[in-house]
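Structure record follows, encoded as structure tokens.
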Amino acid sequence: MIEIKTLASGSKGNCYHVTDGSSPLILECGIPFKSIRKALDFKTSNLAGCLVTHEHKDHCSGLNDALKAGIDCYMSPGTAEAIGVNHHRVKKVETKKQFQIGSWTILPFDVEHDVSEPFGFLLVNKEGEKLLFATDTYYIRYKFKGLTHLLIECNYSMDILNENIDSGRVHRGMKKRLVKSHFSLENVKEFLKANDLSKVQEVHLLHLSDSNSDEEQFKREIQEITGKVVYIA
């Protein structure tokens, strides 16, 4: 059984703890490692690894201390180069090439963000449960069968963003970057409609914008189109 715990989500830092009862992982280490340790009751020696999607600080600021703590950290070659990290525990993995961490089989896939070589990850445990992790992307070109858990970015609503721009609360120049780097509510809905959700147990919406999102609206609308349990990270 997959269990998910959000340690941090948003532009100030991202980190998620997932376990299948056998091989605990962290997805991202965008907060200080001491904060990760504290959130996990100082039980980090059993972590089987860390997956890093890209080089932005809110996703990797705690990386060096995680490496020093003996945690293998998996990322694309482009991400490792962009971070400038060179450590024997940095494991470079390639898009659409499966690898193993403990009881997990993991498939990295390319996503759309304004960085070097960003990844999403599909994690499958020995029971066949499938966890999709995708953040900081404006589009996912792939379809997935048999998903049971989704950890997916839902950063902003185009309607809220346009209202904020019209009222002057958000600079007009922000829109261009947002629409080419983050997942909107509208695009998340289209992605969900295009995929097989028959086995999905729960959906976790990640990385909501402080100013361009509405937690209650996002939760309600995603629940309506999926009929699944929805959590806001």
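Scoring ILE101 on the criteria (1) under 16 Å from the mean Cα position of the chain (by Cα); (2) surrounded by fewer than 21 Cβ atoms within 10 Å (Cβ to Cβ) leaves a single failure, condition (1). In the range 162-177, the residues that are surrounded by fewer than 13 Cβ atoms within 10 Å (Cβ to Cβ) reach residues that are assigned to a helix (DSSP H, G or I) with C-beta atoms within less than 8 angstrom, at least six apart or across chains, in these pairs: HIS171/ILE165; ARG172/ILE165.
Can you pull out the residues in the range 1-48 that are of a type in the set (A, V, I, L, M), at pLDDT 95 or above and over 22 Å from LEU208 (Cα atoms)? Once the filter is applied, which keeps residues that are of a type in the set (A, V, I, L, M), at pLDDT 95 or above and over 22 Å from LEU208 (Cα atoms), the range 1-48 yields ILE2, LEU25, LEU40, LEU47, ALA48. One residue stands out among those in the range 19-69 that are among the hydrophobic types (A, V, I, L, M, F, W, C) and over 20 Å from LEU151 (Cα atoms): the one that is nearest to the chain's Cα centre (by Cα), which is LEU63.
Of all residues in the range 3-30, those being crowded, with 18+ Cβ neighbours inside 10 Å, part of a loop (DSSP other than H, G, I, E, B) and at negative phi number 7.
Comparison of LEU131, LEU151 shows that the only residue that is in contact with a Phe, Trp or Tyr (Cβ under 6 Å, 6 or more places away or on another chain) and touching a residue at least 60 places away in the same chain (Cβ under 8 Å) is LEU151.
Consider the range 136-161 and keep the residues that are in contact with a Ser or Thr (Cβ under 9 Å, 6 or more places away or on another chain) and of a type in the set (Ser, Thr, Tyr). The one that is surrounded by the fewest Cβ atoms within 10 Å (Cβ to Cβ) is TYR138. Cβ separations smaller than 7 Å between residues 6+ apart or across chains give the following pairs from the range 95-117 residues that are modelled with pLDDT of 95 or more and acidic (Asp, Glu) to residues that are part of a strand (DSSP E or B) and crowded, with 17+ Cβ neighbours inside 10 Å: ASP110/PHE119.
Being surrounded by 15 or more Cβ atoms within 10 Å (Cβ to Cβ) and out of contact with any Ser or Thr (no Cβ under 9 Å at 6 or more places or on another chain) is the filter; apply it to the range 57-70 and report the residue that is farthest from HIS88 (Cα to Cα). Taking the candidates together, the pick is SER61.
Where strands (runs of 3 or more DSSP E) sit wholly within the range 120-229, those with at least 1 residues that are of a type in the set (Gly, Ala, Ser) occupy 130-134.
Yes or no: the range 31-49 includes at least one residue that is buried (at least 16 other Cβ atoms within 10 Å of the Cβ), in a loop (DSSP other than H, G, I, E, B) and of a type in the set (Val, Ile, Thr). Yes - at least one qualifying residue is present in the range 31-49.
Of the candidates GLU55, GLU94, GLU81, the single residue that is acidic (Asp, Glu), part of a loop (DSSP other than H, G, I, E, B) and more than 18 Å from GLU153 (Cα to Cα) is GLU94.
The values are calculated or read from the model by the stated rules, or taken from the named source; none is laboratory data. As the structure is a prediction and not an experimental result, all values here were calculated from the model. In this analysis, Cβ positions are derived from the backbone assuming ideal geometry, glycine residues included, and neighbour counts consider all displayed protein chains.
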